[in-house]
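Only one structure is covered here, and it is reproduced in the block below.
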Amino acid sequence: MDMMNSLRKYWAIFQITLINSLAYPGELIGRSVMIVPFMWIFYQLWKVTFNAAETDVINGMTLYSTMWYLMMAETIELSRPQLARTISENVKDGSIAYLLNKPYNFLLYQFSNSMGETVFRAAMNALFGGVVVWWLVGAPPALQGWTFATLALLGTWIMNFCITCLIGLSAFLVEEVSPFMWIYQKFIFILGGFLIPLDFYPNWLQTIAKSLPFAYMIYGPSKLFVDPSMELLGNVLSMQAVWIAALGAILALSYRRGVAYLTVNGG
């Protein structure tokens with residue numbers, strides 16, 4: 001019963017945040033429109049690339065699959081809330097001491113809140129990006145691709161939450177977390193397959209990328225979207241589970257130490 005009440009509490013937080021995100025549709029649409037010029041630029045770049053290579057297929061990817069892959073990758077990246085900055089500000093201005101006294105788990109509250117921000121933003125990005133890519137290269141992948149990618153998205157969001165929350169909590173020890181977010185973003189761009197699908201990388205670099213969590217945050221869901229298979233789905237979900245367990249354990253430990261540090265220093 002206590003667990004059910006707890007779940008209802010965080011579900012309510014998710015719903016409230018989701019409703020609040022709909023209160024300013026103009027701002028939400030304005031942010032989502034950003035994906036339109038990105039997809040147009042990507043299309044021009046990759047069209048030139050395929051023409052220069054004088055082939056329709058590069059490492060198993062066509063212009064069609066590359067564009068829909070990039071649409072999903074952009075949707076994931078542009079939907080991420082600024083969680084690290086929010087937590088960092090809570091730590092630096094001391095408001096985290098007030099939040100810790102609330103009748104909820106701080107980490108679960110932040111997760112529910114961030115998910116409420118992410119879900120509708122992701123839907124809007126996919127809508128605007130999908131319309132543009134549909135116009136440029138043709139209709140979207142089959143329903144199976146949407147289903148498999150959606151299954152992997154939850155793991156992506158949980159992994160991103162763990163990492164960005166860790167970066168935000170590092171404000172207990174450092175003054176500014178922006179450099180850490182910059183580094184994390186570059187790992188996503190390069191090793192996550194955000195700017196270039198990992199299929200285009202040399203084999204040795206693909207091996208390195210796929211041994212790190214970033215590939216299962218961007219490349220995994222995006223590849224499932226354009227080339228769904230049970231084998232790939234099983235690999236992505238299993239690796240996401242491994243990294244979620246590892247990152248979750250590190251986050252829980254860091255959070256406990258951060259709270260202890262705050263208490264010792266009279267925060």
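Just so it is clear, none of the values below were taken in a lab; they were calculated from the coordinates. Computed from a prediction, not measured in an experiment: that's the story for all the values here. So basically every Cβ, Gly included, is an ideal-geometry build from the backbone, and we count neighbours across all protein chains shown.
Assorted remarks:
- Relative contact order of segment 1-151, defined on C-alpha pairs under 8 angstrom at six or more residues apart (%): 41 percent
- Residue of PRO81, PRO202, PRO140 that the Gaussian network model of the chain assigns the largest fluctuation, springs spanning Cα pairs under 10 Å: PRO202
- With the charge dipole of the chain set up from +1 on Lys and Arg Cβ and -1 on Asp and Glu Cβ about the Cα centre, the Cα lying farthest toward the positive end among the listed residues ALA73, SER112, THR150 is that of SER112.
- Proximal aspartates and glutamates relative to LYS186, as straight alpha-carbon distance under 17 Å, when same-chain residues fewer than 8 apart are discounted: GLU74, GLU77
- Summed residue charge, Cβ within 14 Å of LYS47's Cβ, Lys/Arg positive, Asp/Glu negative: -2
- In the chain, the DSSP-assigned H stretches of four residues or longer account for a calculated mean residue ellipticity at 222 nm of -25000 deg cm²/dmol, using -39500 (n - 2.57) per stretch and the full residue count as denominator.
- Along segment 132-138 the Karplus relation, 6.51 cos²θ - 1.76 cosθ + 1.60 evaluated at θ = phi - 60°, assigns HN-Hα couplings of 5, 5, 4, 5, 7, 10, x Hz to successive residues, with x for each Gly and Pro.
- Estimated FRET transfer efficiency (ILE58, ASN101; beta-carbon r; R0 41 Å; 0.05): 0.15
- Computed from phi, the 3J(HN,Hα) profile of segment 62-79 under the Karplus parametrisation 6.51, -1.76, 1.60 (θ = phi - 60°) reads 9, 4, 4, 5, 5, 5, 6, 4, 5, 4, 5, 4, 5, 4, 5, 5, 6, 8 Hz, with x in place of Gly and Pro.
- Integer Hz, Karplus 6.51/-1.76/1.60 couplings in order for segment 40-52, x for Gly and Pro: 5, 5, 4, 4, 5, 5, 6, 5, 5, 4, 5, 5, 5
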